[in-house]
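Colleague: Right, I'll just put the structure down here and ask away after.
Just so you know, all these numbers are worked out from the coordinates, no wet-lab data involved. Predicted, not measured: the structure shown is a model, and the values here were computed from it. Please note: Cβ atoms are built from the backbone with ideal geometry, for glycine as well, and neighbour counts cover all protein chains shown.
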Amino acid sequence: MNRRKFLGLGLGLGAAAMMLPSTLSAVNFRETKTSAFEGPKSHTIDDAMTELYGTSKTTVGKVKLKAPDIAENGAVVPIHVSSKLAGKTVSVFQDANPESLVAVFTVPANGLIDYKLRIKMAKTGTVTAVVQDGTTLFSASKMVKVTAGGCGG
């Protein structure tokens, strides 16, 4: 392919991409749900969940949470949350840091719940994923051991 065709194709695709409507948007929950982020920085998972959802009562199940048993680097702990529910929000909590609430995702209508993220954990703790389906909260939890210095034990 010669350079003119390549540049013309690239510019055409770029212009077409600019015209497509975007349905993805991000909302800063620190501004819209401020009570979950204010006050003392020693929230427990139950306290942060109550401030975000109004209750800390969850039904265990229907949510899959994958996390390593041992994280050799607490700065990048991989987390995978998935579910077949048609949830409204997905939130991730952990009790190893001063703030328990890690992330909140708003699931679009007819969206799939399949989120992969990396979180930072200062020490060994429990990671909890919560999916809000209507008025019911479903959860899954896992203990993640964070090793110091990457020695794996």
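Colleague: Cβ under 12 Å from Thr135's Cβ, Thr135 left aside: what net charge do those residues give with Lys, Arg +1 and Asp, Glu -1?
Modeller: Values: positive: Lys57, Lys88; negative: Asp133.
Surrounding charge for Thr135 is +1.
Colleague: Let me ask something else. Tell me the net charge near Gly12. Cut-off is 13 Å between Cβ atoms, Gly12 excluded, with +1 for each Lys or Arg and -1 for each Asp or Glu.
Modeller: Values: positive: Arg4, Lys5; negative: none.
So the environment of Gly12 carries a net charge of +2.
Colleague: Just grab the label-to-label distance for Arg4 and Lys64, each label 7 Å out from Cα along the Cβ direction, in nm (one decimal).
Modeller: Here the answer is 5.2 nm between the modelled labels.
Colleague: Can I ask one more? Mind sorting Met121, Met143 by how few other Cβ atoms lie within 10 Å of their own Cβ, fewest first? Don't skip to the end; give the middle numbers.
Modeller: Numbers: Met121 24, Met143 11.
With the fewest neighbours first, Met121, Met143 line up as Met143, Met121.
Colleague: Let a ≥ b ≥ c be the square roots of the eigenvalues of the Cα gyration tensor of segment 25-146; is it rounded (a/c under 1.5), or, if not, prolate (a/b larger than b/c) or oblate?
Modeller: On the way: a/c = 1.55, a/b = 1.15, b/c = 1.35.
Oblate, since a/c reaches 1.5 and b/c is not below a/b.
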